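Quick notes on the structure that follows.
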Amino acid sequence: MDLDDRTRVADVMSTPLETLGADAPLRDAARRMRDDDISALVVTTGGGCIVTQSDVVGAVADGLDPETTAVRDVMTEDVETVTPDLMMQEVAAMMTMYGVKHLPVVDDDYVGMVSSTDVAEHLS
């Protein structure tokens, strides 16, 4: 990434933020991700949780029934977040450091999502 590049999260984040309730069946999460062409949803638990395609694939691979398994049973908890004014270089470093592909964007409340795809598109 060019050191003179001053692109911020707000310039590349996905909005509007896509959310899903923690009690929703896993199948609903999978359908929403497929239909909206996204790879993660913020789970509305008030606790900084997301459900990702990897969470869904892992659950199915483990034999969990997507109709009866709730999102809360497979979601990723205590996720790191970023602010809209953070530089993309910092986002890329955070994703590498924490080994994650999605970071919810928070500005008093959840306002968007930045993904490794956003970072890759920014770099190209």
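The values are calculated or read from the model by the stated rules, or taken from the named source; none is laboratory data. Just so it is clear, the model here is predicted, and its values are computed rather than measured. When we count neighbours, we look across all protein chains shown, and the Cβ atoms used for this are built from the backbone with ideal geometry, even at glycine. Remember, those area values only see protein heavy atoms, side chains included, never the ligands or the DNA or RNA. Shrake-Rupley method; radii C 1.70, N 1.55, O 1.52, S 1.80 Å.
Structure notes:
- Cβ separations smaller than 9 Å between residues 6+ apart or across chains give the following pairs from region 87-110 residues that are more than 20 Å from VAL43 (Cα to Cα) to residues that are of a type in the set (Lys, Arg) and part of a strand (DSSP E or B): MET87/ARG8; MET88/ARG8.
- Residue within region 58-65 that is of a type in the set (Gly, Ala, Ser) and open to solvent by 80 Å² or more (accessible area, probe 1.4 Å) present: yes
- Some residue of region 30-51 being modelled with pLDDT of 95 or more, farther than 21 Å from VAL111 by Cα and either surrounded by 15 or more Cβ atoms within 10 Å (Cβ to Cβ) or touching a Cys at 6+ places or on another chain (Cβ under 8 Å) (or both): yes
- Positions within region 71-124 being under 13 Å from the mean Cα position of the chain (by Cα) and among the acidic types (Asp, Glu), in sequence order: GLU77, ASP78, GLU80, ASP118
- Taken as a whole, the condition of being farther than 23 Å from ARG8 by Cα, modelled with pLDDT of 95 or more and open to solvent by less than 60 Å² (accessible area, probe 1.4 Å) applies to ALA24.
- Note on region 57-82: residues that are out of contact with any Lys or Arg (no Cβ under 9 Å at 6 or more places or on another chain), under 19 Å from THR19 (Cβ atoms) and among the β-branched types (Val, Ile, Thr) amount to 6.
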